[in-house]
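The values are calculated or read from the model by the stated rules, or taken from the named source; none is laboratory data. Computed from a predicted structure; not experimentally measured. As a convention, Cβ positions derive from the backbone with ideal geometry for all residues, glycine included, and neighbour counts pool all protein chains shown. For the accessible areas, the whole protein counts, side chains as well, though only heavy atoms, and no ligand, DNA or RNA atoms are used. Shrake-Rupley method; radii C 1.70, N 1.55, O 1.52, S 1.80 Å.
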Amino acid sequence: MPETIEDILRLKQEKNAVILSHNYQRDEVQDIADFIGDSLELSRTAAGLDCDVIVFCGVHFMAESASILSPDKTVLLPELDAGCPMADMIQVSSPRTVWKTFPGYEVQPTFVFPHEFTLRDIKAKYPGVPVVAYVNTTADVKAESDICCTSANVVKVMESLPDERVICIPDRNLSMWAQKNTKKQVIAWDGFCHVHDRVTKDDILKARKEHPNAVLMAHPECRPEVLDLADHVTSTSGMLRFAKASDAREFIVGTELGLMRRLKKENPDKVFHPLRRDMICPNMKKTTLNSVLKALKEMKNIIKVPEEIRVPAKRALDRMLEIK
Ligand code: 13P
Ligand code: SF4
């Protein structure tokens, strides 16, 4: 066994730590994790762990959620600057003045930030309309929201509310997909995930032509015209469940490439093709075995949310977790 892995496993035991990994993490990071999952599964797991330390191999908002749900545990994020650009597309009260483009991806001009509104502005515009916050948001945004959701439960979360209208932040694609699947009127924020939003209708037509017998799965962070052409729309772990249960032998995978690891490992007799080869989230890939080792050894990169934000943010997360 390589030395780094041995050291991680030893330190994990010494410090009574649990390693959580999102489905998009590097293969070698997934391999040392105690639990791998989608955002909903990771939140549920983090809320119920019996340990002293949680090493969160994912992005900043995920480690924050773990800390919100388990304030008595030390939550480590191995790479402190592993953020989610979509989560940064909405602020509570002071709009960000600059937004950056991403290498290899042209942000559509109509969606270039700065965003002129804040969460408080939109709440003031629609008084009394509940805010459903995708977990891909910062803790202070969750604290100002009524309930959280993930890509696995957004429709159920909306249906759980008595109101006819809901504000859904920050992902416009997830909001439009939820709008199609509920009777609610969804007021959407104009954020997006640069990894999923780059997929076009042409990508689908090309992949279908190349793999005419494959079933196409897509993540709800993709654009509506892409989702309209997919066979199944679901979260990352939803794709794992669907591929396992399906009689089909071949699949086109419309999400970040990190999921390919589990899809192939858990279904050795099935074939998986990426919808696009550049669906790679640079932030999810920042975490390495070395950064996990360093964080555990030095107990550094602790994520802690101040109580005045943690308590209302936990309320929004708990409301979501109560929904079965
Ligand atoms: P899920 O794993 O919840 O589908 O989330 C996808 C994602 O983009 C996380 O950042
Ligand atoms: Fe954020 Fe998209 Fe990366 Fe997920 S895949 S962390 S939503 S940028």
Quickly run through the range 1-31 and pick out the residues that are outside any loop (DSSP other than H, G, I, E, B) and either within 16 Å of ligand 2 (Cβ to nearest atom) or in contact with a strand residue (DSSP E or B) (Cβ under 6 Å, 6 or more places away or on another chain) (or both).
-> Ala17, Val18, Ile19, Leu20, Ser21, His22, Val29, Gln30
Return a yes/no flag: does the range 41-58 have any residue that is modelled with pLDDT of 95 or more, over 27 Å from Val131 (Cα atoms) and small (Gly, Ala, Ser).
-> no
Just one of (1) open to solvent by 50 Å² or more (accessible area, probe 1.4 Å); (2) closer than 25 Å to Cys149 by Cβ trips up Met217, so point out which.
-> (1)
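Listed here are the residues, each with its yes/no results for (1) in a loop (DSSP other than H, G, I, E, B); (2) free of Cβ contacts under 8 Å to residues at least 60 places away in the same chain; (3) more than 12 Å from ligand 1 (Cβ to nearest atom).
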{"site": "Cys51", "(1), (2), (3)": "yes, yes, yes"}
{"site": "Met62", "(1), (2), (3)": "no, no, no"}
{"site": "Ser65", "(1), (2), (3)": "no, no, no"}
{"site": "Asp72", "(1), (2), (3)": "yes, yes, yes"}
{"site": "Val75", "(1), (2), (3)": "no, no, yes"}
{"site": "Asp81", "(1), (2), (3)": "yes, no, yes"}
{"site": "Cys84", "(1), (2), (3)": "yes, no, no"}
{"site": "Val92", "(1), (2), (3)": "yes, yes, yes"}
Scanning the range 261-282 for residues that are open to solvent by less than 20 Å² (accessible area, probe 1.4 Å) and touching a strand residue (DSSP E or B) at 6+ places or on another chain (Cβ under 6 Å), the one farthest from Lys201 (Cα to Cα) turns out to be Leu263
Tell me, yes or no, whether the range 230-237 has at least one residue that is of a type outside the set (A, V, I, L, M, F, W, C), open to solvent by less than 10 Å² (accessible area, probe 1.4 Å), within 16 Å of ligand 2 (Cβ to nearest atom) and more than 14 Å from the chain's Cα centre (by Cα).
-> no
Condition check for Ala248: over 21 Å from Pro78 (Cα atoms), open to solvent by less than 10 Å² (accessible area, probe 1.4 Å), of a type in the set (Gly, Ala, Ser) and away from ligand 2 (no atom under 16 Å from the Cβ) = no
Among the candidates Glu210, Glu221, which residue alone is touching a residue at least 60 places away in the same chain (Cβ under 8 Å) and within 16 Å of ligand 2 (Cβ to nearest atom)?
-> Glu221
Over the range 283-308, the set of residues touching a strand residue (DSSP E or B) at 6+ places or on another chain (Cβ under 8 Å), in a helix (DSSP H, G or I) and either without any contact (Cβ under 8 Å) to a residue 40 or more places away in the chain or within 16 Å of ligand 2 (Cβ to nearest atom) (or both) is none
Looking only at the range 37-50, and only at residues there that are open to solvent by 40 Å² or more (accessible area, probe 1.4 Å) and closer than 17 Å to Glu64 by Cα, the one that is nearest to the chain's Cα centre (by Cα) | Glu41
